[in-house]
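Single-structure report; data block below.
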Amino acid sequence: MTDWEYAVLDGGPADGLRMRVTDRPGVLQVTYPCQLDAPPGDLQVEALYVYRRDPRVRSEPLRYGFDRASP
């Protein structure tokens with residue numbers, strides 16, 4: 001059986017987004033599709049945003065803060 005916990009994202013483009021996670025991952029990635037002018041074939045481009053878990057938060061909802069230095 002998998003134990004799910006609620007988590008919330010702080011800051012960045014997904015601020016306030018709530019979700020359920022398992023195993024308390026240290027990092028979450030949020031992607032957002034970009035529009036391409038005349039993409040070749042099936043090529044897709046997505047903007048990548050990284051959120052890191054706040055280790056001080058030990059109860060639900062877990063908190064993940066936006067990492068401005070992420071790629």
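Within segment 10-17, is even one residue in contact with an Asp or Glu (Cβ under 9 Å, 6 or more places away or on another chain) and either basic (Lys, Arg) or open to solvent by 70 Å² or more (accessible area, probe 1.4 Å) (or both)?
no
Given the criteria surrounded by 14 or more Cβ atoms within 10 Å (Cβ to Cβ) and in contact with an Asp or Glu (Cβ under 9 Å, 6 or more places away or on another chain), does Tyr6 qualify?
On the way: surrounded by 14 or more Cβ atoms within 10 Å (Cβ to Cβ): no; in contact with an Asp or Glu (Cβ under 9 Å, 6 or more places away or on another chain): yes.
So Tyr6 fails the test.
Check whether at least one residue in segment 12-25 is in contact with a Lys or Arg (Cβ under 6 Å, 6 or more places away or on another chain) and without any contact (Cβ under 8 Å) to a residue 60 or more places away in the chain, and report yes or no. Give the derivation first.
Taking segment 12-25 and keeping what is in contact with a Lys or Arg (Cβ under 6 Å, 6 or more places away or on another chain), we get none.
Within segment 12-25, none of the residues are in contact with a Lys or Arg (Cβ under 6 Å, 6 or more places away or on another chain) and without any contact (Cβ under 8 Å) to a residue 60 or more places away in the chain.
Considering segment 37-71 alone, what residues qualify as being of a type in the set (Gly, Ala, Ser) and loosely packed, with under 10 Cβ neighbours inside 10 Å? Spell out how you get there, then give the answer.
Step one: list which residues in segment 37-71 are of a type in the set (Gly, Ala, Ser), which gives 38, 41, 47, 59, 65, 69-70.
Scanning segment 37-71 gives Ala38, Gly41, Ser59, Ala69.
Name the residue that is least open to solvent (accessible area, probe 1.4 Å), counting only residues in segment 18-36 that are in a strand (DSSP E or B) and among the aliphatic types (A, V, I, L, M).
Within segment 18-36, the match that is least open to solvent (accessible area, probe 1.4 Å) is Val21.
The values are calculated or read from the model by the stated rules, or taken from the named source; none is laboratory data. These numbers come from a predicted model, not from an experiment. Cβ sites come from the backbone with ideal geometry, for glycine too, and all protein chains shown count toward neighbours. Just so you know, the surface numbers come from the protein's heavy atoms only, side chains and all, with ligands and any DNA or RNA stripped out. Shrake-Rupley method; radii C 1.70, N 1.55, O 1.52, S 1.80 Å.
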